[in-house]
Structures are given as C-alpha cells and as structure tokens.
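Reviewing the structure listed below.
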Amino acid sequence: MALRYGEVCKNCPGLAKCRDIPTAAEPLVMQCLSCDGTGCDECDHGTIDIACCPMLLVTEDVLEVMEYAELYEKGLPPVAGGALDQAKSFTDACRIIWQEIAYWKNRLGIIG
C-alpha cells in the first residue's frame, strides 16, 4: 500500500524513467509486513531491504486485487453487476474523488 499511496516511488514517473532506484549499497528499508517490525523468519530483524525499483516487485494481478479491494470497501464487489461491469475510466474517477474526499475530511477534521 505504500506504493499505492505515494510513500514509495513518490513523484516517480514510472518504471521506464525511475529516478532513485534503490541499490544493494543504498537499499530502501521498509518495516516487515509479516511481523510489523518485531522480527520474524521473513525478515530476521524487523525490516526488509529493497534493492531494485519497488514497482518491479508488485505484479499486475496484485495491483488488480488491490483495486478491487478498494472498490469492494466502497460497496462495489468484484462480480458481474459490480466492479467487473464498470468502465475503467469510471472506477479511476471514483478513486480520485474518494481520495479528494478523504483529504478534505482529514484536513477539516471531519469524522466519518
């Protein structure tokens, strides 16, 4: 989700034009998602080091599931008649609108 919400690859124009690709010498260090930073078999010390463009690690099917999960949260399940029957331009517009609504509610201190 850090990629989806701009914490990783912030202002990056895309895979073909990555600006600051992490390397083994200067990796992107992120908290392990499996253990929330407490240390586990996946990370051993609470963090993971990423030494390539993070977008290369996220497959298209994962991005698609993330989009469907967000739509489902808003009441549009990924079934016929739901998200699967909506135009991509419509679901993209909804996502932009929902982000703006969340931004302004947060900025103005509106709950709910």
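Rundown of residues vs (1) in contact (Cβ under 8 Å) with a residue 24 or more places away in the chain; (2) assigned by TED's automatic domain parsing to the domain that holds E26; (3) aliphatic (A, V, I, L, M), yes/no style:
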{"site": "I50", "(1), (2), (3)": "yes, yes, yes"}
{"site": "E67", "(1), (2), (3)": "yes, no, no"}
{"site": "Y72", "(1), (2), (3)": "no, no, no"}
{"site": "V79", "(1), (2), (3)": "no, no, yes"}
{"site": "G82", "(1), (2), (3)": "no, no, no"}
{"site": "S89", "(1), (2), (3)": "no, no, no"}
{"site": "D92", "(1), (2), (3)": "no, no, no"}
{"site": "I101", "(1), (2), (3)": "no, no, yes"}
{"site": "K105", "(1), (2), (3)": "no, no, no"}
Only one of these is modelled with pLDDT of 85 or more and either closer than 28 Å to A102 by Cβ or not assigned by TED's automatic domain parsing to the domain that holds M66 (or both): G37, G6. Name it.
G37
Inside the range 54-74, the number of residues satisfying the requirement of being part of a loop (DSSP other than H, G, I, E, B) and either closer than 26 Å to A102 by Cβ or at pLDDT below 85 (or both) is 2
Taking the range 75-89 as the region of interest, how many residues are of a type in the set (S, T, Y) and outside any helix (DSSP H, G or I)?
0
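The values are calculated or read from the model by the stated rules, or taken from the named source; none is laboratory data. The model shown is predicted, which means the values in this text are computed figures rather than measured ones. Positions of Cβ are generated from backbone atoms using ideal geometry, with glycine treated the same way; all protein chains shown enter the neighbour counts.
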